[in-house]
1. Taking the criterion of being within 14 Å of chain B (Cβ to nearest Cβ) and modelled with pLDDT of 95 or more, would at least one residue in the range A:311-327 satisfy it?
2. Within the range A:80-90, can you find the residues that are outside any helix (DSSP H, G or I) and either within 17 Å of A:PHE395 (Cβ to Cβ) or not hydroxyl-bearing (Ser, Thr, Tyr) (or both)?
3. Against the conditions (1) in contact with a Gly (Cβ under 8 Å, 6 or more places away or on another chain); (2) in a loop (DSSP other than H, G, I, E, B), where does A:CYS196 fall short? Just the number, please.
4. Inspect all residues belonging to the range A:355-364 and state whether any of them is farther than 30 Å from B:SER111 by Cα, among the hydroxyl-bearing types (Ser, Thr, Tyr), at pLDDT 95 or above and buried (at least 20 other Cβ atoms within 10 Å of the Cβ).
5. Criterion first (at pLDDT below 95 and within 11 Å of chain A (Cβ to nearest Cβ)) does B:THR88 satisfy it?
6. Is it the case that some residue within the range B:129-138 is surrounded by fewer than 24 Cβ atoms within 10 Å (Cβ to Cβ), more than 14 Å from chain A (Cβ to nearest Cβ) and either of a type outside the set (Gly, Ala, Ser) or over 22 Å from A:PHE334 (Cα atoms) (or both)?
7. Just to be sure, is A:GLU367 surrounded by fewer than 21 Cβ atoms within 10 Å (Cβ to Cβ) and of a type in the set (Asp, Glu)?
8. Residue under question is B:GLY100, and the condition is that it be surrounded by fewer than 20 Cβ atoms within 10 Å (Cβ to Cβ), within 20 Å of B:LYS67 (Cβ to Cβ) and more than 14 Å from every other protein chain (Cβ to nearest Cβ); does it hold?
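The values are calculated or read from the model by the stated rules, or taken from the named source; none is laboratory data. Owing to the predicted nature of the structure, the values given are computational and were not obtained by experimental measurement. Glycine also receives a Cβ, built like all others from the backbone with ideal geometry; neighbour counts cover every protein chain displayed.
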Amino acid sequence: MRILIKNGHIIDPSQGIDSIGDILIEDGKIKEVRSQKTNPPMPPFTKGGHGGITNSELQTIDATGLYIFPGLIDMHVHLREPGFEYKETIKTGTMAAVKGGFTTVCCMPNTYPVNDNASVTEFIIRKAAQEGHCFVLPIGAITKGQKGEELAEIGTMINEGCVAFSDDGQPVMNSLIMRRALEYSKTFDVPIISHCEDLTLSEGGVMNEGLLSITLGLMGIPAEAETIMVYRDISLAELTSGRLHIAHVSTEGSVNLIRDAKKRGINITAETCPHYFSITEEAVKDYNTNAKVNPPLRTVHDIEAIKQGLSDGTIDAISTDHAPHHVDEKLREFDMAPFGISGLETALSLSLRLVEEDLLTMKQLVEKMAVNPAKILGIKKGTLKVDADADVIIFDVNKEFKVEAEKFASRGKNTPFDGWVLKGMPVMTICKGKVYEL
Amino acid sequence: MLNRKDLLGIKELSVAEINLILDTAAAFKDVLGRDIKKVPTLRGKTAVNLFFEPSTRTRTSFELAAKRLSTDVINFSVPTSSVVKGETLIDTALTVQALGADFIIIRHSSSGVPHLLAKKLRASVINAGDGTNEHPTQALLDAFTIREKKEKIEGLTIAIVGDIAHSRVAKSNIYCLTRLDARVRLIGPSTLIPDEIKGMGIDVFHNMEDGLKNVDVLMMLRIQMERQGKGFFPSTEEYSKNWGLTLERLSLAKDDAIVMHPGPMNRGIEISSEIADGPKSVILEQVTNGIAVRMAVMYLLAGVKK
């Protein structure tokens, strides 16, 4: 199958392309890229004549007025399979990804059973190959059962396809175990993704700590529960020279610590999620469990710091922390509802707002959502280079839409953005040789 | 009549609404003083006490208030309900509504539960205490008692002493009393009075002697024993030494000061027996007034239905 995408605005930071051009896809791979940047400057693909292509076997897509990006990579999702298929499956989660412009997602290990051994990794890889609409790269658990006590078989899981390790949702409280994880993973050159939360400080908390938590009568989680662990993990990264990636940064203090650590040359990377730069703790007012997330939504100061951190490169990546839950689980006492936001289908539009606010260029946006995640994970994705997998999205920055949680492809309808009108939508996602018109 | 279906908190009430409730309660208090303490006002209505937390005084007070209004009352408490069989909160509430409840009076250990139910139910939801959020009828009966004793609330200096951070009574009282233009002081150890609370328009004192000077009203809160051992204070003895109300400390307040307590009291810990049983104590009057205030709330909420 050949697909020709014509006359779109190609943004591919991996090759320094930011101009109008065409892309030819053949058998699921990028065959040719022609843009005003490439040499020689682009002659048009001529009808039926170029490279032996004939009209009959060529699907032509006119991308005039639209952007063409490498498919986005979400390095932090929860696909819930195996074990919690009522919340999400690999099939529905990857469909949500494709709808959101993602062609690769990395799924966290807090399934049932936990992805802490090669057979669970193998199951996820096999299921994703059979049913996944996009590429799925599993993240293995750092410790057995995510209990924070003994290292899981990291090397064996890498052989089955794990690309990173994290006890996401269950921070590794024991500093010695975290040290060993950072040391041991160096052997395989894979990142350790840290969910930074001091459980003794956050215990019982369900939202950000402050005046609002007092007036709502909800137990607060202080920002320091995160920053203390960010500092610990930076120190351990410095000690071990391990590859530390800090998950879902939510506080100003964390941004400052990461910036400082990077200045000092420590080998760390960091991500944040759209909800941490789009909405504040005010979203939980009226006890809205769809805004209950961990780490919790913070304040305007934190949002400003996170935006600044994205803008100056302190924060490398935007991930979703897509955490789908069943509606019945969220429709209950605030204290007892699970943490999490279903994020895949709103992430790109929410992130585009950063471009509109002049905090990021379109190129930087693609870096945060495709190029940098690929770099951090050490995978050959996030690029439109010839011979790369044809993971491509066509993006209409002007298309407005209303977020309707009920219509999400994800089984998780838990979003605080329900009813929002957002701008910027992927109109086509090409992945694993298939074209999804959205 | 109150132009709302539910009473979820004082936070949502206007000054006019608070005054309306207090004025209406005054009329009902007259009823309670009569030989026949019952009016037919809400005959045929049904109230359900849906209590997910143990309570004797609040539940009994609501029960009596309903009965005085000729409303049928059912008590639905957790240990005997299907909640223990795994039923969800909303299913339990919908079941109670389907049984014909006009009022669902709810107490729950999680903040926001009355708000969630109010959205799901046609019945009037009355918050009888949710988590550490609010206990609106307690604040209303406290305001009623103060108004009765002091003839006004505006301009009074009122000290609330104790575990403010975890107290729904304190929270509702802060909203109510500041809205009625009293000056509110909070007194207690800094672990129990977070700094951010100053944003509620109150003054904070950590020293009991400083805080009690020239106050008109003292509200003592029950110190919850389970806070000990969680690092909020080292021991009840130390708490009592620093923030327990003694006659000596009480003498720092105005001569005509009154002492309140929402109950149940820990005698000898947050309040000495001489004070609890002494002439400045209005603690038992608070209990009596609670019935009148709860009658007023039910009566005023019933008005908007249909």
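1. Checking the range A:311-327: at least one residue is within 14 Å of chain B (Cβ to nearest Cβ) and modelled with pLDDT of 95 or more.
2. If the condition is that a residue be outside any helix (DSSP H, G or I) and either within 17 Å of A:PHE395 (Cβ to Cβ) or not hydroxyl-bearing (Ser, Thr, Tyr) (or both), then A:ARG80, A:GLU81, A:PRO82, A:GLY83, A:PHE84, A:GLU85, A:LYS87, A:GLU88 are the ones that fit.
3. Failed condition: (1).
4. No, there is no match, as no residue in the range A:355-364 is farther than 30 Å from B:SER111 by Cα, among the hydroxyl-bearing types (Ser, Thr, Tyr), at pLDDT 95 or above and buried (at least 20 other Cβ atoms within 10 Å of the Cβ).
5. yes
6. Checked the range B:129-138: no residue is surrounded by fewer than 24 Cβ atoms within 10 Å (Cβ to Cβ), more than 14 Å from chain A (Cβ to nearest Cβ) and either of a type outside the set (Gly, Ala, Ser) or over 22 Å from A:PHE334 (Cα atoms) (or both).
7. no
8. yes
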